Protein chains: 2
Amino acid sequence: MLIDTMIGMIAAVLTTSSFIPQIFKAYKRKRLDDLSPYLMLLFISGASMWLIYGIFREDAIIVVANVLALAFNSTLLLMKVMYANGKVVKENK
Amino acid sequence: MLIDTMIGMIAAVLTTSSFIPQIFKAYKRKRLDDLSPYLMLLFISGASMWLIYGIFREDAIIVVANVLALAFNSTLLLMKVMYANGKVVKENK
């Protein structure tokens, strides 16, 4: 495997998996007040564009990384809305 | 300009700028409790790898996007540490 493909794969795994602990923390605390909704909205639109860019460039790593980033960020946005509406606030330390 | 270069630029601007409202919100509230430190740590390491990937692939868009993502995420991580230690908590709605 080419060195740049390997680096690209590691990069994709790291940035994509970075959203997982955030989803767990949100689920545990039932709270995302400190997270800006614009972070997720902009990131979702950006990841969609990166996805198209990856398709144009026929770069599978960019495509897969951004499909996952889209999924995780949409989940976070959904949780943000749910917890903000439900006002389910548990002060878990 | 090629269509894929334009799409890549838009993607880079969107994902990179997504961190700016988060930095403003953190500065205003002096609080980042709901943000997972692993989100930033993983994202910083991932963005570093994407930066190297972009250099290997000679893709200026990927390089510039990830230099900025690195800068913004490092700023957020610094704020996370500062506000957690300083215990400066102001309940701004």
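The values are calculated or read from the model by the stated rules, or taken from the named source; none is laboratory data. As the structure is a prediction and not an experimental result, all values here were calculated from the model. Note that we place each Cβ from the backbone using ideal geometry, even for glycine, and neighbour counts take in every protein chain shown. Side chains included, ligands, DNA and RNA excluded: accessible areas come from the protein's heavy atoms. Shrake-Rupley method; radii C 1.70, N 1.55, O 1.52, S 1.80 Å.
Structure notes:
- Considering only alpha-carbon pairs that sit under 8 angstrom and 6 or more positions apart, the relative contact order computed for chain B is 41 percent.
- Top positive-direction residue, dipole computed over chain A with Cβ charges, set A:THR16, A:LEU77, A:TYR53: A:LEU77
- Angle in degrees between helix B:60-86 and the longest Cα principal axis of chain B, rounded to the nearest 10: 10 degrees
- Across the identical copies, the 7 Å label point of B:GLU58, projected outward along Cα→Cβ, sits 1.8 nm from its counterparts, in ascending order.
- Modelled this way, with points 7 Å down the Cα-to-C-beta line, the labels at A:ALA84 and A:MET1 are 3.9 nm from one another.
- For chain A, the longest principal axis of the alpha carbon atoms and the long axis of helix A:3-17 meet at an angle near 10°.
- log10 of Debye I(q)/I(0), alpha-carbon scatterers only, for the range A:4-93 at 0.11, 0.15, 0.20 Å⁻¹: -0.36, -0.60, -0.90
- Inter-chain shielding of B:21-30 (mean C-beta neighbours from other protein chains, 10 Å cut-off): 3
- For chain A, the per residue solvent-accessible surface stands at 51 Å², with DNA, RNA and ligands left out and a 1.4 Å probe.
- Dipole magnitude (debye, nearest 20) for the range B:3-86, charges at Cβ of Lys, Arg, Asp, Glu: 520 debye
- Binned Cα-Cα distance frequencies in the range B:24-77 - 5 Å width, integer %: 4, 21, 24, 19, 14, 9, 6, 3, 0
- Take the Kirkwood radius over Cα pairs of the range B:4-43, plug it into Stokes-Einstein at 37 °C and 0.692 mPa s, and you get 278 µm²/s for translational diffusion.
- Other-copy label distances relative to B:PRO37, 7 angstrom Cα-Cβ extension, nm: 3.0
- Note on B:TYR38 and B:GLU58: the model spin-label points, each 7 Å out from Cα along the C-beta direction, lie 4.0 nm apart.
- Ranked by the mean number of other Cβ atoms within 10 Å per residue, highest first, peptides B:11-19, A:63-71 order as B:11-19, A:63-71.
- Structure-based [θ]222 nm, the protein assembly as shown - -39500 (n - 2.57) summed over DSSP H runs of at least 4, per residue, nearest 500: -26500 deg cm²/dmol
- Chain A has one residue whose beta-carbon comes closest to the axis relating it to chain B; that residue and its distance in whole Å are A:ASP34, 2.
- B versus A: buried accessible surface, summed, Å² (probe 1.4 Å, to nearest 100): 3700 Å²
- Bins of 5 Å from zero: percent of alpha-carbon pairs in the protein assembly as shown: 1, 9, 16, 22, 19, 14, 9, 6, 3, 1, 0
- Sorted shortest first, the distances from the B:ILE3 label point to those of the same residue in the other copies are 3.5 nm; each point sits 7 Å from Cα along Cα-to-Cβ.
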